[in-house]
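Shown next, in structure tokens, is the structure this report addresses.
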Amino acid sequence: MPDSILDATVEQLRSAQAKITYLGEQSKPIPTIIFHTRGYRVNLSDFLAVQKTGRPYANDDLPYTRRVPLEPTEFRKILQSLKPTLKSSDGGGPEFLSFTVLRTWNTKTAGQEFRIGTVEGREFFTKLTEGINPENVEARSAVNTQFLAIFP
């Protein structure tokens, strides 16, 4: 396993999932987005092992949560696009986004949670969108919906 989940190979991402959760104050529900490798069964409780709180986030289990399948190559492209932003994130004010990525093999789970502050938030969404294949309308729609709910 690489030092960082962001360096995972396409093969390692064949059983992976990632979650973007809004952590800030809100007057209406802001849907969580869960990306997962196509054919991989999402298990929300797996995220608890790598989340800083060890507890579920309020938005994660809402009926508005979007589950979006990705091919492993696209998953890797997204992680590579986000890598500079996530590596340089210093919190930039209050943490208001959680980006958690994990992979499972055999019975093991490994991953990381990244907290994104308000300063890096827009850049995070820009880089995320750059990593999504242009023809993946479902993923682009989910990201755009979340972005507009956070940055009206």
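Ranked for footprinting exposure by Cβ neighbours inside 10 Å, fewest first, 101, 68, 10 give 10, 68, 101. With K and R counted +1 and D and E -1, the other residues having a Cβ less than 9 Å from that of residue 96 yield a net charge of -1.
Taking the C-alpha atoms only, the angle from helix 118-131 to the longest principal axis of the chain is near 40 degrees. Rounded to the nearest 10 degrees, the inclination of helix 72-88 to the longest alpha-carbon principal axis of the chain is 50 degrees. Multiplying the residue separation of residue 9 and residue 137 by 0.36 nm and subtracting their alpha-carbon distance yields 43.7 nm. Coupling constants for the stretch 4-19 follow from the phi torsions by the Karplus curve (6.51 cos²θ - 1.76 cosθ + 1.60, θ = phi - 60°), and in residue order they are 10, 4, 5, 9, 4, 7, 4, 4, 5, 8, 5, 9, 9, 8, 9, 9 Hz; glycine and proline get x. This structure gives mean projected area of the Cα convex hull in nm², computed directly, and of (i) 13.3; (ii) 8.4; (iii) 10.4 that value is listed as (ii). For residue 87, a cut-off of 18 angstrom between C-alpha atoms picks up these aspartates and glutamates, skipping any fewer than 8 places away in its own chain: 3, 7, 95, 113, 120, 123, 130.
In the chain the longest region clear of trypsin sites (Lys or Arg not before Pro) that are loop-assigned by DSSP and have at most 12 other C-beta atoms within 10 Å covers 53-152. Of the beta bridges in the stretch 5-150, as assigned by DSSP with both residues counted there, near 80 percent are antiparallel. Roughly how many nanometres apart are two label points built 7 Å out from the Cα toward the Cβ at residue 112 and residue 145? Placing both labels 7 Å along Cα→Cβ, they lie 2.9 nm apart.
For the stretch 1-78, GluC sites (Glu not before Pro) are listed when DSSP marks them as loop and at most 14 other Cβ atoms sit within 10 Å of their Cβ; the list is 11, 25.
The C-alpha atoms of the chain define a longest principal axis, and helix 137-150 lies at about 30 degrees to it.
Throughout, read-outs are computed from the coordinates displayed, never taken from laboratory work. Being a predicted model, the structure only gives us computed values, none of them experimental. Methodologically, a virtual Cβ is constructed for each residue, glycine included, from the backbone with ideal geometry; neighbour enumeration extends over all protein chains shown.
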